[in-house]
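Bear in mind that the values in this text are calculations on the coordinates, not laboratory data. Everything quoted here is computed from the prediction, not taken from an experiment. Cβ placement follows ideal geometry from the backbone for every residue including glycine, while neighbour counts extend to all protein chains displayed.
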């Protein structure tokens, strides 16, 4: 029996082409591996954030798109149009009954006009104090 055991020797040799495939184990390309994982995590977080923001925006738009909100927006537009029409009528009236100067405080902004110099000088002063001045020549509006 010793002779049989002696004849069968065990031989072992290393595998010639075996290397670890993961960059975490072998170190080759490890920084690119980590960067890829970080980019994937960032993209996933950004996608979740974008989806949440889109859902919130959709809910906000749906809440503002009711019949009542449409009615109120339309009413507000008509009121503003009527105010601007009244101001324009007062500025351009030629019957002598209209005042030569006037002003209105509209939501914190002061809108004033002066018609004493042959032109209309319209001045708009906003809430922050910045002014815009528009001069409208009265004699140049001759339509034929």
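Here the scattering of the stretch 67-137 is modelled by Debye summation over its C-alpha atoms, one equal scatterer each and no solvent; at q = 0.18 Å⁻¹ the log10 of I(q)/I(0) is -0.77.
Distance between the modelled labels on residue 85 and residue 45, one decimal in nanometres: 5.6 nm (7 Å Cα→Cβ projection).
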